[in-house]
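Student: I am attaching a structure below and will ask some questions about it afterwards.
Only the coordinates and a few stated rules stand behind these numbers; no lab work does. Owing to the predicted nature of the structure, the values given are computational and were not obtained by experimental measurement. For neighbour counting, all protein chains shown are included, and Cβ atoms are generated from backbone atoms with ideal geometry for every residue, glycine included.
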Amino acid sequence: MGLDMDFSKLKPQDVLDLAIFAEEEAYEQYEYLASAMESQGNPEIGAFFHRMAGREQLHRQQIAERRAALYPDAPANLANRALWGVEAPYEATAAAGMTRADAFRLAMAAEKKAEAYYAAAMEQAIPAEVTQLFETLRQSEVEHQRMLELEMAKRPS
């Protein structure tokens, strides 16, 4: 899965800001999926998605801390448009009609897209420590995919 993003116009802090926004999107999407599954009578799956949301929140915090340390005086050049679509594909149907399979499919697509973002971002002219952070986050996205696969296997549709 490729990611259509032109990094050539972004400054290194912009790449970090976009990653922060992406992790915020991921958190919001996992909370949405958790609520959808809970409203469908699937509290265990809802709890799983809440845990995944917590992981995304931790990623956001890690990136924000690195951004503040590296670029303390750099203003934000990007606004959080709430629909960058890096990690949240926003294809969700209404919660009332969402199946477990739909929820896992959306989550998996988001994790694959995030992995692609971090892989593409690492190819840019960014400081080595940001590249290292993004590699760690890329590996986390792969781990999230594995976690989703394991959870799906436990709960066939």
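Student: From the gyration tensor of the Cα coordinates in the range 1-70, what semi-axes in whole Å does the equivalent ellipsoid have, largest first, with each one equal to sqrt(5λ)?
Tutor: Numbers: eigenvalues 174, 42, 10 Å².
That gives 30, 14, 7 Å for the three semi-axes.
Student: Right, another one. Run the simple label-point estimate for residue 78 and residue 128 please: 7 Å along Cα→C-beta, distance reported in nm.
Tutor: Each label point lies 7 Å from its Cα, and together they span 2.5 nm.
Student: Whole-Hz Karplus ³J(HN,Hα) for the range 64-75, in order, using 6.51 cos²θ - 1.76 cosθ + 1.60 and θ = phi - 60°, x for Gly and Pro?
Tutor: 4, 5, 5, 4, 5, 6, 7, 10, x, 9, 7, x
Student: Once fully extended, how much extra length lies between residue 64 and residue 150, figured as 0.36 nm per residue of separation less the alpha-carbon to alpha-carbon distance?
Tutor: Details: separation 86, 0.36 × 86 = 30.96 nm, distance 2.98 nm.
Roughly 28.0 nm would be gained on extension.
Student: Now a separate question. In what sequence, highest mean first, do 142-148, 114-120 appear when ranked by Cβ atoms within 10 angstrom?
Tutor: Values: 142-148: 16.6, 114-120: 21.9.
The packing order, highest mean first, is 114-120, 142-148.
Student: What ranking do 24-30, 101-107, 63-69 get when scored by the average of other Cβ atoms within 10 Å per residue, highest first?
Tutor: Numbers: 24-30: 22.4, 101-107: 20.4, 63-69: 15.9.
The most tightly packed comes first, giving 24-30, 101-107, 63-69.
Student: Compute the distance from the alpha-carbon center of the range 1-66 to that of the range 114-157, in whole Å.
Tutor: 11
Student: Under the Karplus relation 6.51 cos²θ - 1.76 cosθ + 1.60, θ = phi - 60°, what is the ordered set of whole-Hz ³J(HN,Hα) values for the range 105-118, x standing for Gly and Pro?
Tutor: 4, 5, 5, 5, 4, 5, 5, 5, 5, 5, 4, 5, 4, 5
Student: In whole Hz, with x marking every Gly and Pro, tabulate ³J(HN,Hα) for the range 24-32 from phi via Karplus 6.51 cos²θ - 1.76 cosθ + 1.60, θ = phi - 60°.
Tutor: Taking θ as phi minus 60°, the curve returns 5, 4, 4, 4, 4, 5, 5, 5, 4 Hz for the range 24-32.
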